[in-house]
Amino acid sequence: MSYGKIALMGFWGVFVVARTEAPLIRLDALKSYDGRPHECARPLDGWQIWQLDAVESLPDPPDLAVNLAHETGGPALVGFVFDSDCMGVDAYSRSTGSWATCLDRQNMDAYYRLDGLAVDDCYLSCEKSAEEAVKWAADAGYRVPAEPIAEVLRSRSDPFAEDLFFEFVQRLGIPYPADESE
């Protein structure tokens, strides 16, 4: 332990993104979840973003993305946050099927190396992920270019992976209300 330094503890849990009229937490895909859900953003066009703590009842992120997409009839994203350092993102849409990428590959690689793996063993490259993300966005009704998405995927968290996730969501074309202070 080093005195004089503050130890920060990051968030472990998931962010869930889907488009539905009902609150996401009330969908069958999340009926077994008994943690503390928090709706953290309500973008335009019916999208919702919820934060769920990592508890035993949390559904497996890849399965959750698939189940949410089937239940809502549209694309879904589930981002699992590793101590606010990095994030694994599982996605599903009708044209892409299931695919996975990560945010802050360098930090994610450090986590995977503890288990003798490399980030490239588990996730698509930034460029391939961006191609899949463009198709995902098209299934959601948005036309977006791949390069700005790849740029986010190549970025480092500064300081939190959660910030990268919200930037990733915006690059997918999900609209947010204009900032009233502008």
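The values are calculated or read from the model by the stated rules, or taken from the named source; none is laboratory data. All figures in this text were calculated on a predicted structure; none of them were measured in a lab. Virtual Cβ from ideal backbone geometry, glycine too; neighbours counted across all protein chains shown.
Of all residues in segment 81-116, count the ones that are among the charged types (D, E, K, R) and either closer than 23 Å to A138 by Cα or part of a helix (DSSP H, G or I) (or both). Give the steps one after another, and end with the answer.
At the first step, the residues of segment 81-116 found to be among the charged types (D, E, K, R) are 83, 85, 90, 94, 104-105, 109, 113, 115.
From the residues that got through so far, the ones that are either closer than 23 Å to A138 by Cα or part of a helix (DSSP H, G or I) (or both) too are 90, 94, 105, 109, 113.
So the count comes out to 5.
Give segment 85-122 a look and list any residue that's closer than 18 Å to E162 by Cβ, of a type in the set (S, T, N, Q) and either crowded, with 19+ Cβ neighbours inside 10 Å or at pLDDT below 95 (or both), or say none.
Selection gives T101, N107.
Take segment 117-145 and flag every residue that is among the charged types (D, E, K, R), assigned to a helix (DSSP H, G or I) and in contact (Cβ under 8 Å) with a residue 12 or more places away in the chain. Please lay out each step first, then the result.
As a first pass, look at segment 117-145 and keep what is among the charged types (D, E, K, R): 120-121, 127-128, 131-132, 135, 139, 143.
Checking the rest, the ones that are also assigned to a helix (DSSP H, G or I) come to 120-121, 127-128, 131-132, 135, 139.
Matches in segment 117-145: E127, E131, E132, K135, D139.
Tell me which residues, restricted to segment 48-80, are closer than 10 Å to A91 by Cβ and either part of a strand (DSSP E or B) or free of Cβ contacts under 8 Å to residues at least 24 places away in the same chain (or both).
Once the filter is applied, which keeps residues that are closer than 10 Å to A91 by Cβ and either part of a strand (DSSP E or B) or free of Cβ contacts under 8 Å to residues at least 24 places away in the same chain (or both), segment 48-80 yields A76, L77, V78, G79.
Could you tell me which of the residues E147, E127, E132 is among the acidic types (D, E), modelled with pLDDT of 95 or more and buried (at least 18 other Cβ atoms within 10 Å of the Cβ)?
Details: E147 fails: buried (at least 18 other Cβ atoms within 10 Å of the Cβ); E127 fails: buried (at least 18 other Cβ atoms within 10 Å of the Cβ).
Exactly one of E147, E127, E132 is among the acidic types (D, E), modelled with pLDDT of 95 or more and buried (at least 18 other Cβ atoms within 10 Å of the Cβ), namely E132.
Which of (1) among the polar types (S, T, N, Q); (2) at pLDDT 95 or above; (3) farther than 20 Å from G35 by Cα is the odd one out, the single condition N67 does not satisfy?
(3) is the only condition that N67 fails.
So which pairs qualify, if the first residue must be in segment 19-47 and closer than 17 Å to D63 by Cα and modelled with pLDDT under 95, the second must be aliphatic (A, V, I, L, M) and assigned to a strand (DSSP E or B), the Cβ gap must be under 7 Å, and the two must be at least 6 apart or on different chains?
L24/V16; L24/A18; Y33/L52
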